[in-house]
There are 2 protein chains.
Amino acid sequence: MSERRVTMADVARRAGVSPTTASFALSGRTDMRISDASRKKVLEAARELGYRPNVTARSLRTKSTQTIGFVSDRITTTPFAGDVIRGAMEAARERDNLLFITEAGGDRDAESSLVHALLDRQVDAVIYASMFTRYVTPPKELFGRRVVLLNCLAPGFDAPSVVPDELEAGRDAARALLAAGHTEGIWAIGGHQAVPATPEGIIAGNERMRGLEEVLREGGARLDGVVECDWDTRDGFREVSALLAAGHRPRALVCLTDRVSMGAYQALGEAGLSVPGDVSVVSFDDQDIAAVLRPALTTLKLPHHQLGRLAVELILRRGPLEAVVHRVPMPLRERASIGAPAAG
Amino acid sequence: MSERRVTMADVARRAGVSPTTASFALSGRTDMRISDASRKKVLEAARELGYRPNVTARSLRTKSTQTIGFVSDRITTTPFAGDVIRGAMEAARERDNLLFITEAGGDRDAESSLVHALLDRQVDAVIYASMFTRYVTPPKELFGRRVVLLNCLAPGFDAPSVVPDELEAGRDAARALLAAGHTEGIWAIGGHQAVPATPEGIIAGNERMRGLEEVLREGGARLDGVVECDWDTRDGFREVSALLAAGHRPRALVCLTDRVSMGAYQALGEAGLSVPGDVSVVSFDDQDIAAVLRPALTTLKLPHHQLGRLAVELILRRGPLEAVVHRVPMPLRERASIGAPAAG
DNA sequence: CTCCGTTGTTAAATCGGATTAGCAAGTTGC
DNA sequence: GCAACTTGCTAATCCGATTTAACAACGGAG
């Protein structure tokens, strides 16, 4: 990419010292004795010439590229992506690291090929990420490497995992409902565990429901029913419409994702029921639509940004990585979809 | 990252030839004469040892890292991000390249710092991207470098731009309305040019409106009015509500983004008007919500994926980059929000 | 039989830094 | 006054490839 860069040799020449001295002066190492005078001359020369070290060259010798690879199944799809990457990137930048972002689209061969491409570039570590919290088996190329699992779990694979605290989120959803006075007429839409077509739900769905039921029970409240459905708007609409058509009159809906909530809103709207006047809704994820639905949706936020940030922070800590599961809290975004229970 | 890699020297040793011969055999160059026997031995040895070249080391000599930097103001926000990056990444992978993804958050200093970090790693080229089509002034560090501008324009900066063909999209929106029989009662929401608070609109908004008005005029149709507003759901709701409250009864709304459309849907719904029975809606962007709104929204898709792909393809073409503006078509996603005009 | 041109291969230099080993000059100790 | 340390710096190597220059071995021409 054009025009010769200033090298360390240039700096040394201008400062009137050897490249060795320049190297030590610039790296600021104290184990090699450099006089203050020399150090100052070198730093001065470097500044004047606008010297910047060639990271590629340095890596060859030091083995550290200050670069992290990020492999995910899919970065597009809504619930994940941008925020995770941004969080990871910010944390990386704070320590002068950069991220290679890649996506394998769920294809095992593509995944292996990408990991190779990353290793060929000598990345210091790899973040292996999934868009949905689930169990994974990382490609064999990653065995024995410095790896952090992001939003996924791999029993038997020796690496830390960073995942949202879904269990506690389920509890918080229940607490929010109890606090508003709801004790009956509560339905969960999109639980108990997701249908096979939605493997994304196997962990998140289970844990959210487990936390929800636990706290409702403790609070003396009852879950009137659980409707299983795919975690999308269409299914949410269909199932809630069916529920209403069957004569049920829920006072509160716990929708397992915002997409399902949006479908629920549509169904309630078409049935002439208002939120939260007739029916309260509490949800999970806090996607973009949550804030712009009318009324705005109260939901438990998936901590994408924190997830990405923590993954990188773990990697950049000195020493070996421990195979621990880190659970990141999902904060409650209180908006306008929960109200007092409608009069019986 | 652990365990010594197999080097070319290892391969040469096993094949019983010099590193030089191994290098030529592996790179498959024909300008240096290597016997078929030697070539075969080397390839065989490489395969047996699972040799993979160290891209970092190679780069030092060849100056080419097979790596592209991607700098954007923000990768999170909805309308952009994921798809662009995915398109760029796919195109890069097809030619054995990888992408450094970075985001400066609109901060000039951060931007410079990121560009430096990229150049320090010897990227072969940089994609300078904006989330909204707009005019930009790239940081001075990029002058004279191999750069492609993505979704932005920088007059005077010697680099190609890749942008959506907003003008033609505006024309297509008009054509879709005309085809359904609309000739009056047409309102544009979110045009003519965006308010100062929404700089994102200055290019997209202008061109969409220009194309729209041009074709409506040619088709003998009339634009009853243009409502300026921010390009978000809240403003869309507010402005369309106000429009209806003022006694207007539009037959068709051209919303300048899907977010505005969503607000329009909410306002129409609360006023008891149906889409497309009472009012047709045509929109721009094709964000995720477009497909799940009820009725599904007919909209002109922002070709994010193609944008990213083309940017990388331009970079990977041999030879210097020409400062040309490449306009990528915005395909019409016909769904269910346009119908015949309501009876007068 | 010598000279010259191919052919196939390798030694050595290079890329831009980091690191190891060693070398002068100045200090201290006795 | 001389050995033993320090201090401050540099020559030489190394990292893992690519690339240039040069060198044997062989065949054909004269």
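The values are calculated or read from the model by the stated rules, or taken from the named source; none is laboratory data. Every value quoted in this text rests on a predicted model; they were computed, and no experiment measured them. We place every Cβ from the backbone using ideal geometry, glycine too, and count neighbours over all the protein chains shown. These area figures cover heavy atoms from the full protein model, side chains too; ligands, DNA and RNA do not enter into them. Shrake-Rupley method; radii C 1.70, N 1.55, O 1.52, S 1.80 Å.
Observations
- Carbon plus sulfur fraction of accessible area for the range B:8-53, probe 1.4 Å, in percent: 52
- For the range A:8-53, Kirkwood radius (reciprocal of mean inverse C-alpha pair distance, Å): 10.0
- Computed over chain B, relative contact order equals 17 percent, with contacts defined as Cα pairs under 8 Å that lie 6+ residues apart.
- Computed from point charges on the beta carbon alone (+1 for Lys and Arg, -1 for Asp and Glu), the dipole magnitude for the range A:166-303 about its Cα centre is near 360 Debye.
- At an R0 of 30 angstrom, the distance between the Cβ atoms of B:ALA336 and A:ALA336 translates into a FRET efficiency of 0.55.
- For the protein assembly as shown, with +1 on Lys and Arg beta carbons and -1 on Asp and Glu, the positive-most of B:SER72, A:SER35, A:VAL147 along the dipole: A:SER35
- With 5 Å bins from 0: P(r) over the range B:109-185, alpha-carbon pairs, percent: 3, 13, 20, 17, 13, 7, 7, 7, 5, 5, 3, 1
- B:VAL281 long-range amide H proximity, modeled H, under 5 Å: B:LEU253, B:ILE338, B:GLY339
- Centroid-to-centroid separation of the range A:248-311 and the range B:1-43 [C-alpha atoms, Å]: 60
- With the convex hull drawn around the C-alpha atoms of chain B, the volume per residue stands at 173 Å³.
- Build a GNM of chain A with springs between Cα atoms under 10 Å apart, and of A:GLU270, A:GLU44, A:GLU213 the one that fluctuates most is A:GLU44.
- The residue among B:THR20, A:GLN306, A:MET209 whose Cα reaches farthest toward the positive pole of the charge dipole of the protein assembly as shown, with charges on the beta-carbon of Lys, Arg, Asp and Glu, is B:THR20.
- GNM flexibility winner over chain B from B:HIS326, B:HIS182, B:HIS116 (Cα, springs under 10 Å): B:HIS116
- Cα centre as origin, Lys/Arg/Asp/Glu Cβ charges: the range A:1-143 dipole, Debye: 800
- Karplus-derived 3J(HN,Hα), 6.51/-1.76/1.60, for each residue of the range A:277-282, Hz, glycine and proline x: x, 8, 9, 8, 9, 10
- Estimated [θ] at 222 nm from DSSP helical runs (n ≥ 4, -39500 (n - 2.57)) normalised by residues in the protein assembly as shown, nearest 500: -12500 deg cm²/dmol
- Starting from the label point of B:ALA271 at 7 Å along Cα→Cβ, the same points in the other copies fall at 2.9 nm, in ascending order.
- The H on the amide N of B:LEU150, modeled in the peptide plane, is under 5 Å from the matching H of B:TYR128, B:ALA129, B:SER130, B:VAL162, each at least 5 residues off or on a different chain.
- Å² of accessible area per residue within the protein assembly as shown, as computed with a 1.4 Å probe and no ligands counted: 42
- For the range A:134-151, 3J(HN,Hα) computed residue by residue from phi via the Karplus equation (6.51, -1.76, 1.60; θ = phi - 60°) reads 7, 8, 9, 10, x, x, 4, 4, 8, 4, x, 9, 7, 9, 10, 8, 10, 6 Hz, glycine and proline entered as x.
- Over all pairs of different C-alpha atoms, the range B:1-151 has a mean inverse distance whose reciprocal, the Kirkwood radius, equals 18.0 Å.
- Label 7 Å beyond Cα on the Cβ vector: A:VAL324 copy-to-copy distances, nm: 5.7
- Extents of the range A:214-344, largest first, come to 60, 33, 25 Å (Cα atoms, principal axes, whole angstrom).
- Of all DSSP beta bridges in the protein assembly as shown, antiparallel share, percent nearest 5: 5
- Modelled spin labels at B:ASP96 and A:ALA246, positioned 7 Å past Cα toward Cβ, are 5.9 nm from each other.
- Label-point distances for B:LYS140 to the equivalent site in the other copies, using a point 7 angstrom along Cα→C-beta, read 5.4 nm when ranked shortest first.
- B:LEU321/A:ASP31 FRET efficiency (R0 56 Å; Cβ-Cβ; nearest 0.05): 0.75
- Summing Cβ point charges (Lys, Arg +1; Asp, Glu -1) relative to the Cα centre of chain B gives a dipole of roughly 1940 debye.
- Chain A comes nearest to the axis taking it onto chain B at the Cβ of one residue; that residue and its distance, in whole Å, are A:ILE101, 2.
- Scaled to the globular estimate 2.2 N^0.38 Å, the Cα spread of the range B:64-168, given as radius of gyration, is 1.01.
- Derived from the Cα gyration tensor, the three semi-axes of the equivalent ellipsoid of the protein assembly as shown are 50, 33, 23 Å, largest first.
- A Förster distance of 41 Å, applied to the separation of the beta-carbon atoms of B:LYS40 and A:ALA9, puts the FRET efficiency at 0.50.
- GNM on chain B, alpha-carbon springs under 10 angstrom: the most fluctuating residue among B:TYR51, B:TYR265, B:TYR135 is B:TYR51.
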